[in-house]
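The values are calculated or read from the model by the stated rules, or taken from the named source; none is laboratory data. This one's a predicted model, so the numbers in the text were calculated from it and none came from an experiment. Cβ: placed from backbone, ideal geometry, glycine included. Neighbour counts: every protein chain shown.
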Amino acid sequence: MGQKVNPTGYRTGVFLGWKSRWYASKKEFSELLVEDQKIRKFIKTRKATTKDNHEVNMYPMISKIEIERTRDAVKLILFSSRARDLTRNEGKVLADLTEDLQNLIGRVFKIEVREIRSYHKDAQLVAEDIGDQLVKRASFRRVMKRAMEDAMKDGAKGIKIQLSGRLGGAEMSRTETTIQGSIPLSTLRANIDYGFHEAKIAQGHIGIQVWINNGEYGDKQEEAEDVKTSRGPRKSYKRG
């Protein structure tokens with residue numbers, strides 16, 4: 001069962017929280033749900049033109065967007081590995097984004113940025129990075145190998161990458177899968193991060209799926225409790 005279900009949805013409500021946190025009546029629920037989708041799509045697909053007339057993402061390296069609603073405003077929490085780029089120029093980038101969203105949705109917005117320290121262990125960012133390199137006609141096997149090596153160097157317990165489409169410009173589509181380390185998809189306690197992205201190349205679309213095992217939930221919390229109580233790390237005993 002765990003291999004056929006989205007790992008994020010499989011753990012939501014158990015170890016993970018919801019990305020949209022608000023309450024609405026039955027009449028307003030569908031409207032607000034569509035608004036959440038518009039907000040995420042606007043931020044992820046907003047393009048900017050460079051001096052060389054190339055289109056690039058205006059808000060790059062954003063892994064996920066969490067939305068909280070109150071009666072008066074909508075609060076967005078952006079998780080990005082380039083938090084400094086979003087907060088540069090005294091917050092001008094965020095101010096422009098806030099104004100654009102207010103014109104698009106017609107509500108008051110408050111934006112908070114949280115930094116992702118290691119983007120090699122974030123599945124969504126890894127999937128998007130692979131897609132960007134495939135668009136630039138890089139070798140898919142080389143890209144997959146490099147992404148796996150970077151994730152394992154940063155401390156990931158395991159990584160799985162799956163590409164589907166006309167890989168290498170082949171006439172027929174196929175699926176390539178590589179696994180390194182441990183990926184216990186059916187273990188709820190395992191902190192499995194999942195990311196999906198579509199790369200638009202000349203031959204068509206290539207689907208990119210990434211699973212990254214970042215250990216187990218609760219490990220860091222137990223270590224923090226040991227530090228607060230001035231205890232040493234807990235020892236593991238084996239039964240004879």
Exercise for the section: For the range 1-117, please list each of the strands (runs of 3 or more DSSP E) lying entirely inside it that holds at least 3 residues being among the aliphatic types (A, V, I, L, M). Expected result: 62-69, 73-80, 108-115
Practice task
Hey, can you tell me all the residues within the range 43-66 that are modelled with pLDDT of 85 or more and more than 19 Å from ALA127 (Cα to Cα)?
Solution key: GLU66
Practice task
Considering only the range 106-131, state which residues are in contact with a Lys or Arg (Cβ under 7 Å, 6 or more places away or on another chain) and farther than 19 Å from ASP85 by Cβ.
Solution key: LYS110
Exercise for the section: Hey, can you tell me all the residues within the range 5-30 that are farther than 17 Å from VAL74 by Cβ and of a type in the set (A, V, I, L, M)? Expected result: VAL5, VAL14, LEU16
Exercise for the section: Give ALA138, ALA127 a once-over and let me know the one that is in a loop (DSSP other than H, G, I, E, B) and either at pLDDT 90 or above or in contact with a Phe, Trp or Tyr (Cβ under 7 Å, 6 or more places away or on another chain) (or both). Expected result: ALA138
Fill in the blank from the handout: Given (1) under 27 Å from ILE201 (Cβ atoms); (2) crowded, with 18+ Cβ neighbours inside 10 Å; (3) under 14 Å from the mean Cα position of the chain (by Cα), ARG82 misses just (2)
Exercise for the section: Within the range 1-43, work out how many residues are basic (Lys, Arg) and under 17 Å from TYR217 (Cα atoms). Expected result: 1
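Results for (1) touching a Ser or Thr at 6+ places or on another chain (Cβ under 8 Å); (2) of a type in the set (Phe, Trp, Tyr); (3) within 24 Å of LYS136 (Cα to Cα); (4) not assigned by TED's automatic domain parsing to the domain that holds LEU125, shown as yes or no for each residue.
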| site | (1), (2), (3), (4) |
| --- | --- |
| LYS26 | no, no, no, yes |
| SER30 | no, no, no, yes |
| THR45 | no, no, yes, yes |
| VAL56 | yes, no, yes, yes |
| THR70 | no, no, no, yes |
| LYS75 | no, no, no, yes |
| PHE79 | yes, yes, no, yes |
| LYS92 | no, no, no, yes |
Exercise for the section: Would you confirm whether any residue within the range 160-170 is assigned to a loop (DSSP other than H, G, I, E, B) and in contact with a Lys or Arg (Cβ under 7 Å, 6 or more places away or on another chain)? Expected result: no
Practice task
Test LEU163 against the criterion of being among the aliphatic types (A, V, I, L, M) and either touching a Gly at 6+ places or on another chain (Cβ under 6 Å) or more than 23 Å from ASN214 (Cα to Cα) (or both), and give yes or no.
Solution key: no
